[in-house]
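Remarks on the structure that follows.
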Amino acid sequence: MSLSSESLLSRPSKPLLIVLSGPSGAGKDAVLSRMRETGLSLKYVTTMTTRHRRASERDGIDYRFVATERFQELIKDNELLEFANVYGNWYGVPRKVVREALEEGWDTIVKVDIQGAAAIKKLIPEAVFIFLTPPTIEELKERLHQRKTESAADRAIRSKIAEEEIKQLALFDYIVFNRQGELDIAVEEIEAIIVAEKCRVKPREINL
């Protein structure tokens, strides 16, 4: 039996899984923080990591900081949507939190590195993949220098990796440029992407 035009137009939109990624220094944390401040109705899933917490970071907000032993248990129990070892530390997205948020009807956003985005792409190709980056590699290197959270050797490694990560752009659905001093514009563009996705005639079906 075919659906009437009225029932078609009244169908509720499906919850989105939004994957925000980009090279180190792109400003992913700053963008997510500003999105929270704007009150955008999203479920923000916090990435787990085994690295040490920086002085400016808040446990449970910026990352969920866990011991390596606990992280390995989660890997063994298949409780991570994706995980990777980056710069000698483990990072991963808790599967249960994402699944429950989607089941409750929340548009859900996760922040991952490029490896993580590639892993989620294989598992959930219908997620919305957004690549956040400064407009130039030179600006990216300058940001890494200015934040002073890594040694010169670490910054050099991150810069080289970032150049390779940018080549993975084809994995993503959208690119958002986070220009210096224009954080609000980057946030507005991400919000516009979400609105556009909600207007799709054939909504994305997330199966997790």
Burial order of peptide ranges 41-47, 191-197 (average beta-carbon count within 10 Å, highest first): 41-47, 191-197
Quick calc of log₁₀ I(q)/I(0), the chain, Debye, one scatterer on every Cα, no solvent, q values 0.10 1/Å, result -0.45
Quick check: pseudo-label points 7 Å beyond the Cα along Cα→Cβ at LYS160 and LYS96, how many nm apart are they? 4.0 nm
Summing -39500 (n - 2.57) over every DSSP H run of at least 4 in the chain, dividing by its residue total and rounding to the nearest 500, the 222 nm mean residue ellipticity is -12500 deg cm²/dmol
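Laboratory data are not the source of any read-out in this text; all were calculated from the coordinates shown. Just so we're clear, the structure is a prediction, and the values are computed from it rather than from any experiment. Counting neighbours? That spans all protein chains shown, and the Cβs are built from the backbone with ideal geometry, glycine included.
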